[in-house]
Amino acid sequence: MASLSPASATEAAAPKPLTASVGAAVAGERVTFTAKRPTAKKFRTLKATQQRKATIVLQRRDGATWRAVGRVKLGAKKKVTFASAVPTSAKGSVRYRVRAVLGKKTYEAGALTLKVVTQQLTTRPSSSDADVATTYASTLTPVRAGRKLTVERYVDGTWSTVAETSAKGASAALTVAAARFPAWYRVRAAAHNGIASVATAPVRTTLNRRPVEIAHRAGAALGPEQTLGAMEASLTAGATAMEVDVQLTKDAVPVIVHDQTFARTTNVATVFPGREDDPVGTFTWAEVQQLDAGSWAGPQWAGEGIPSLDELLTALGGRAHLVLEVKFWPFNQGTPEERAALRDVLDAELVAGRLGELAGAGKLTVSSFNHEFLQPFAEAHPDVPVGALTFFPPSATQVAQWATWAEEIHGQFALTTWQDTTAARAAGLTTSVWTLATPDQYRVALASGAEALITDNPGLLASVLEPPAPTS
């Protein structure tokens, strides 16, 4: 208990002064005051039965007026306590006194002046690197044991707690695991016993690496997927790499389309009634050219066609790296004959076509879920990097085996971890993760440590790497 200076000479004469639970208070704080049984001479001359009937009143000086802020019947008590909040407008100090009231008579019983201080919270992060666990060394005054301290992270307009502790002294350290994506952080001292919550100014972490964005299906969120229009929109958004799917028509023309049929992304049901469920490989190139692959995505895209591989390469003109996914159906299997036919076409393109020009410039990667196709292709074309597509992270045995013929692993973003990408790098492989569309998915992908992000929404990476400052 902290004994504080009396408010007047008369009150100072009281042998047992009023005391407070703190030596200095914060505006709004709830303080416990203790006053012992009055020892004023006039009060002590009263009979014991009269003394027990007295009311002990705690008063606070507000301007020129003393206001009662607590009342307790004395009874047989040797001391009484009061709980009273320091005014939120208080500055400098506040004066308190106690009086024993019996009928119309008042007896002095003690006084004090309580100092009022401003709470202060400072913090110092040990690092600003999002890939490094960070310790926030914080100092909070005045000291209040048990007051909760938290580190909060700001993402998508919301603050959330990522670490917490209870203060035991003026200093505390809170360690936050590496998030591996940039975000804003602050330390907050919770509201405590009437003291308002207080937080430090937010600070932002940064990422000392920048993955490559690969426009999935040429940029499916920016235009009708797999079309030249989507590709141009992605290039305008800053994409430096494109991912598209290639299949063969009935007459062996490689075309850029993802699905097993044309039903979802074209007007095939109107142009060729009854054939909407027929596989891509049952249509000739001349028939494919009659389809509208843009109107489904909006009237502004009406007339966008399904490009052949050669048309796409011509339009691309080497402006971006191309990730060419070799697609087979059903479930990326295909027949031996289908795999051989597509292999023959790609071999020829690499020898004498624009695909070979792109490969020669180091701007081509070939990927597939069908590793029976991909491995012999990789062995026949050692200068063309290949990416082994997978739904699930490969085992250590698979990584070691894939590393004998592949350069990359293309895994699902939500299942790929930092440990997976670390193991891949140790085997000499890089990792691309698919398929992203939102900032939150980008953050999950960044946390995996992948070197490349396959995204429907190219251009979003910049805002994730430099998130806007908090608004509250």
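Data table
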read-out: Segment 351-375, subset over 37 Å from the mean Cα position of the chain (by Cα) and outside any helix (DSSP H, G or I), residue nearest to I454 (Cα to Cα); value: A361
read-out: Subset of segment 70-101 that is in contact with a Phe, Trp or Tyr (Cβ under 7 Å, 6 or more places away or on another chain) and aliphatic (A, V, I, L, M) - its residue that is surrounded by the fewest Cβ atoms within 10 Å (Cβ to Cβ); value: V72
read-out: Residue list for segment 272-324, filter: without any contact (Cβ under 8 Å) to a residue 24 or more places away in the chain and under 18 Å from L235 (Cβ atoms); value: Q300, G317
read-out: Residue satisfying all of: in segment 107-164; of a type in the set (V, I, T) and over 30 Å from E466 (Cα atoms); least open to solvent (accessible area, probe 1.4 Å) among these; value: V116
read-out: Positions within segment 146-183 being within 18 Å of the chain's Cα centre (by Cα), among the hydrophobic types (A, V, I, L, M, F, W, C) and part of a loop (DSSP other than H, G, I, E, B), in sequence order; value: A177, A178, A179, F181, A183
read-out: Which listed residue, of A178, A218, is touching a strand residue (DSSP E or B) at 6+ places or on another chain (Cβ under 9 Å) and under 30 Å from H321 (Cα atoms); value: A218
read-out: Matching residues in segment 339-354 - criterion: being within 11 Å of V326 (Cα to Cα) and open to solvent by 30 Å² or more (accessible area, probe 1.4 Å); value: R339, R343
read-out: Filtered residues of segment 73-87 (kept if of a type outside the set (A, V, I, L, M, F, W, C), under 17 Å from Q59 (Cβ atoms) and in contact (Cβ under 8 Å) with a residue 24 or more places away in the chain); value: T81, S84, P87
read-out: Filtered residue count, segment 35-72, keeping only those that are touching a residue at least 60 places away in the same chain (Cβ under 8 Å) and small (G, A, S); value: 2
read-out: Selection within segment 146-188 - free of Cβ contacts under 8 Å to residues at least 24 places away in the same chain, within 20 Å of E29 (Cβ to Cβ) and touching a Lys or Arg at 6+ places or on another chain (Cβ under 9 Å); value: S166
read-out: Breaking point among (1) touching a helix residue (DSSP H, G or I) at 6+ places or on another chain (Cβ under 8 Å); (2) surrounded by fewer than 20 Cβ atoms within 10 Å (Cβ to Cβ); (3) among the aliphatic types (A, V, I, L, M), for A173; value: (1)
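Each row is one residue, and each column tells you yes or no for (1) under 25 Å from A315 (Cβ atoms); (2) not β-branched (V, I, T).
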| site | (1), (2) |
| --- | --- |
| Q333 | no, yes |
| A348 | yes, yes |
| V351 | yes, no |
| G362 | yes, yes |
| H371 | no, yes |
| W402 | no, yes |
| Q412 | no, yes |
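The values are calculated or read from the model by the stated rules, or taken from the named source; none is laboratory data. As the structure is a computational prediction, the values presented were derived from the model and not from experiment. With ideal geometry, Cβ positions are generated from the backbone for all residues, glycine too; neighbour counts draw on all protein chains shown. These accessible areas exclude ligands, DNA and RNA; they are computed on the full protein's heavy atoms, side chains included. Shrake-Rupley method; radii C 1.70, N 1.55, O 1.52, S 1.80 Å.
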